[in-house]
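Written below as structure tokens is the structure these notes are about.
The values are calculated or read from the model by the stated rules, or taken from the named source; none is laboratory data. Keep in mind that what you see is a predicted model, and the values were worked out from it rather than measured. Cβ placement follows ideal geometry from the backbone for every residue including glycine, while neighbour counts extend to all protein chains displayed.
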Amino acid sequence: MENTVFQPLYNLGSLNGEESFQKEVLNDFYICCVSREASILARKEVLTGKGKFGITGDGKEVAQVALAKALRKGDWRSGYYRDQTLLFALGEATVEQYFAQLYADPYHDPFSAGRQMMTHFASRLVDEEGNWTNHLDQFNSSSDVSCTAGQMGRAVGLGLASKKYRTIPDIQQKPFSRNGNEVVICTIGDGSTSEGAFWECVNASCVKKIPIAFCVWDDGYAISVPTKYQTTKGSISRAMEGFLIEDINDTGMRIYVAKAWDYAGLCEMFAKGVEKIRDTQVPALFHVNDTTQPLGHSTSGSHERYKPAQRILWEREMDCLIAFEAWIVHHKLADKDTIEEIQNKAKLYARECKKRAWSQYIKPVLQDRDILKRLLEKDLDHCPEFSAFRDRLVHLVHPYRSELIGMARQAYYKLAEIDPAASQDLGEFIKAKVAQQEQFYSGHLYSDNSHSALRVEMVEPRFDGDHPSLNGFEVLNRYFEKAFAKYPKLVAFGEDVGRLGDVNQGMMNMQARYGEDRVFDAGLREWTIIGQAIGLAMRGFRPIAEIQYLDYLVYGMAPLTDDLATLSYRTNGIQKAPAIIRTRGHRLEGIWHTGSPMAMLLHSFRGIYILVPRNMVQAAGMYETMLRSSDPCILVEVLNGYRQKEILPSNIGEYTVPLGHPEILRLGSDLTVVTYGACVRICQKASIILEEQGINIELIDVQTLNPFDLNDQILKSLKKTNRILFVDEDVPGGATGYMLQEVIEKRGGFDYLEISPRTLTAKAHRSPYGSDGDYYAKPNVEDVVEVVYDMMRECDPKQYPLVRLS
């Protein structure tokens, strides 16, 4: 049975008029029936132990086959985990793939390689070498996330890309766009419209006139909480009436409402509404109410626990498939016998797909079980206890790979203790399977192809000839001027980035030179600033999205940690978003303008490189490195460094700074000081005072916290000095704790320590306003001097007799 895409019941291309319409309707009904049967089977597979968790799209089938008709190849979906029927109807997912994802099959789940729950879809956007594929030959699905409203910000960026492809002159559009005519379909459940991200994204799309169709599937509940506790007026379309556009020259959106069981009404609504978006670039809300959930929210339990009996009865009567069937019969498009034939065919098809998917998944697992069984039987003479392991193995009904490996490791412990030589084969089996699991579940966190930021060729800055000493912001300004000229798809945006040129003037005059389409302002909406960056980057642009201060990055944490940081990983490398998040931090004034929460970034954003340049010359080189790569990053400029004087390299816009390569700023033999960002200047000043006291520190700027010291430069220094101090402005136990673990534990630095390693950080509280508060809350020159001196005194109290004062 062909399973690459749904095969229509009839060859619609050979039919005309009423006959063609009839066959098309029946084909839609067939797809709906297949999808429903797949949902029913998925629930059964979970409840019988074959799948871990089931979340399905039952009750939304009719609305989604109607929506599919309105889409064109090249369009985008930024949806969520109820959209299976839409993907089936578009031919972008098969039922077999649907079940492969349910079984977490790393070989046959094309959307996430077994890393995501079922119904989390993704289209291939890049090939195995990391090159962009042709997005115009398919219906594109950006990878789903489970977080409620997590798809919203990305939708704004995907739609904004269409707008930019329309308005930026002479831009290379292939393979991303056809003159910006692509519409973004953003689906969301009614309960999730209560999230702030929903409102922020709707507002942004209306302000910027972004071609997005917001499709709300409204089944009256958010798990157990009814709409009356979620939404003003009990209706998202009524609550949003203030967004209604009144004049085409004004901002706003159109609003459409239809019933989930009204096939004809849904087809008409989506056909006209989506085309209107495509033509006018004005977003629209499609509120589909009277949606049901025949199988409940998920396999976690029954909706009968919280829905009144009357509601359950109503849902059964108003099931969209029952209504669709009645509509077909009423309009004499098919009789009862034909309907039953279609339903039976759909059930058979779904069951066959499920059967094949399970067979494909379980076959290699059972092969591994048989191999392990033979290994255990081979060593029964050495270890009689293996008979118990073998019996447990044989009685596993639906074994997981992890169960086999866990059992093999336990058996190995016993055999290696009795007869190390006999345990070799079992050990090799375990090593091979652990390596396989590493490949299955840990690959593609970052780019690992020729587009990786770690493979960008290093170009040294040159300082030949007579070159000016400029303010830091002027250095950045010179760089961005070169970058916008070199990279036609480079765009920059954020609060005050456009006309003002950012609050520190790094983008000064860029809008005047390169136009408002490439350098533009955004409202106070960090969620969608990040979302814009993600969506634009997924469609071939190179966005620099500015979050004005590092303290405000917290507002954008959700899309960063849930979406951007996981994108490459959760799709097993088939999608990427090389976005650059530009911000500024460390020290300036007050509680919310002195933030340096680097551990928050490090531990929340694995999958995004964290760059911490000490000055703007280094920052410019890092921007160039990232623009030559396909990895995302957060680059934190030194907040109080914009008016520090720096020498402008003669090759500004050409040199790069390699990631993961610390720079030794001062050679020394007594003690290694490791730091970054604004603390570099603090430590440089301290080194002068320490030298006067006979202490020569080796000062190292890590430059990037992630990746961290790929060539063990810090370890080499520690081998020489045998003493080490980590300095930064994060809270105690923050990024200094991370650096200490990297050097002392992971790289074996413990073996070279003469005394305990130390950290010097900011206080646990935020930095108070004013110079005095800053001095006492953040590490200062005298703090560095005294801690280093105290460490040297620990080694030789006679030579260094002074007692630390603080």
Inset, instruction - Sort out which residues of region 279-310 are out of contact with any Ser or Thr (no Cβ under 9 Å at 6 or more places or on another chain), in contact (Cβ under 8 Å) with a residue 24 or more places away in the chain and farther than 20 Å from D262 by Cβ, and write them in order of number. - result: T280, S300
Inset, instruction - List the number of the failed condition for G91; all other conditions in (1) surrounded by fewer than 23 Cβ atoms within 10 Å (Cβ to Cβ); (2) more than 25 Å from K276 (Cα to Cα) hold. - result: (2)
Inset, instruction - Inspect region 196-208 for any residue being among the charged types (D, E, K, R) and assigned to a loop (DSSP other than H, G, I, E, B) and give the result as yes or no. - result: no
Legend entry - Candidates K347, K355, filtered to the one that is surrounded by 15 or more Cβ atoms within 10 Å (Cβ to Cβ), over 32 Å from the mean Cα position of the chain (by Cα), at pLDDT 95 or above and not β-branched (V, I, T): K347
Inset, instruction - List the helices (runs of 4 or more DSSP H) that sit entirely inside region 681-784 and contain at least 1 residues that are modelled with pLDDT under 95 and not assigned by TED's automatic domain parsing to the domain that holds C633. - result: 771-777
Legend entry - All positions within region 525-551 that are out of contact with any strand residue (DSSP E or B) (no Cβ under 7 Å at 6 or more places or on another chain) and within 12 Å of G494 (Cα to Cα): R525, E526, W527, T528, G531
Legend entry - Scope region 648-685; condition in contact with a strand residue (DSSP E or B) (Cβ under 8 Å, 6 or more places away or on another chain), farther than 22 Å from G501 by Cα and aliphatic (A, V, I, L, M); matching residues: L659, I664, L665, L667, L671, V673, V674, A678, V680, I682
Inset, instruction - Output yes when any residue across region 424-447 is over 30 Å from I652 (Cα atoms), hydroxyl-bearing (S, T, Y) and in contact (Cβ under 8 Å) with a residue 60 or more places away in the chain, and no when none is. - result: yes
Legend entry - Residues satisfying the stated conditions in region 256-298, i.e. more than 30 Å from the chain's Cα centre (by Cα), among the hydrophobic types (A, V, I, L, M, F, W, C) and buried (at least 18 other Cβ atoms within 10 Å of the Cβ): A258, A260, W261, L266, C267, M269
Inset, instruction - Among what's in region 385-403 and is in contact (Cβ under 8 Å) with a residue 24 or more places away in the chain and surrounded by 12 or more Cβ atoms within 10 Å (Cβ to Cβ), pick the residue that is farthest from S359 (Cα to Cα). - result: E385
Inset, instruction - Being hydroxyl-bearing (S, T, Y) and either buried (at least 20 other Cβ atoms within 10 Å of the Cβ) or outside the structural domain of Q293 (by TED's automatic domain parsing) (or both) is the filter here, so list the residues in region 195-225 that pass it. - result: S205, Y221
Inset, instruction - Provide a single number: the residues in region 459-494 that are farther than 21 Å from K164 by Cα and hydroxyl-bearing (S, T, Y). - result: 2
Inset, instruction - Could you run through region 719-757 and say how many residues are in contact (Cβ under 8 Å) with a residue 12 or more places away in the chain, out of contact with any Cys (no Cβ under 8 Å at 6 or more places or on another chain) and not aliphatic (A, V, I, L, M)? - result: 18
Inset, instruction - Would you mind stating whether M598 is crowded, with 24+ Cβ neighbours inside 10 Å, under 25 Å from T736 (Cα atoms) and touching a Phe, Trp or Tyr at 6+ places or on another chain (Cβ under 9 Å)? - result: yes
Legend entry - Among residues of region 16-74, those that are farther than 30 Å from R178 by Cα, of a type outside the set (A, V, I, L, M, F, W, C) and not in a loop (DSSP other than H, G, I, E, B), counted: 13
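Looking at G130, is it more than 30 Å from W358 (Cα to Cα), more than 16 Å from the chain's Cα centre (by Cα) and of a type in the set (G, A, S)?
Taking the combined requirement at face value, the residue satisfies it.
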Legend entry - Sole exception among (1) in contact with a Phe, Trp or Tyr (Cβ under 9 Å, 6 or more places away or on another chain); (2) crowded, with 20+ Cβ neighbours inside 10 Å; (3) modelled with pLDDT under 95 for Y306, by number: (2)
Legend entry - K233 surrounded by fewer than 16 Cβ atoms within 10 Å (Cβ to Cβ), at pLDDT 95 or above and touching a helix residue (DSSP H, G or I) at 6+ places or on another chain (Cβ under 6 Å): yes
Inset, instruction - For A762, state whether it is touching a Lys or Arg at 6+ places or on another chain (Cβ under 8 Å) and either surrounded by 21 or more Cβ atoms within 10 Å (Cβ to Cβ) or among the small types (G, A, S) (or both). - result: yes
Legend entry - Scan of region 125-139 for residues that are assigned to a strand (DSSP E or B) and either under 14 Å from L536 (Cα atoms) or outside the structural domain of G114 (by TED's automatic domain parsing) (or both), ordered by number: W132
Inset, instruction - Hey, can you tell me all the residues within region 426-450 that are closer than 17 Å to E377 by Cα, surrounded by 14 or more Cβ atoms within 10 Å (Cβ to Cβ) and out of contact with any Phe, Trp or Tyr (no Cβ under 8 Å at 6 or more places or on another chain)? - result: F429
Inset, instruction - Quick one: R542 ticks every box in (1) under 20 Å from M626 (Cα atoms); (2) of a type in the set (D, E, K, R); (3) more than 29 Å from the chain's Cα centre (by Cα) except a single one, so which number is it? - result: (3)
Legend entry - Failed condition for S192, given (1) closer than 23 Å to L244 by Cβ; (2) assigned to a helix (DSSP H, G or I); (3) touching an Asp or Glu at 6+ places or on another chain (Cβ under 8 Å): (3)
Inset, instruction - Could you tell me whether any residue of region 502-520 is within 19 Å of V207 (Cα to Cα), free of Cβ contacts under 8 Å to residues at least 60 places away in the same chain and surrounded by fewer than 22 Cβ atoms within 10 Å (Cβ to Cβ)? - result: yes
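Quick check on this structure: which one of A678, A579 is crowded, with 24+ Cβ neighbours inside 10 Å and either of a type in the set (V, I, T) or within 30 Å of G770 (Cα to Cα) (or both)?
A678
Being out of contact with any strand residue (DSSP E or B) (no Cβ under 8 Å at 6 or more places or on another chain), surrounded by 20 or more Cβ atoms within 10 Å (Cβ to Cβ) and modelled with pLDDT under 95 is the requirement here; does S423 meet it?
yes
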Inset, instruction - Determine, yes or no, whether P797 is within 26 Å of I688 (Cα to Cα), modelled with pLDDT under 95 and outside any helix (DSSP H, G or I). - result: yes
Inset, instruction - Determine whether region 734-743 contains at least one residue that is surrounded by 24 or more Cβ atoms within 10 Å (Cβ to Cβ), under 23 Å from A777 (Cα atoms) and β-branched (V, I, T). - result: yes
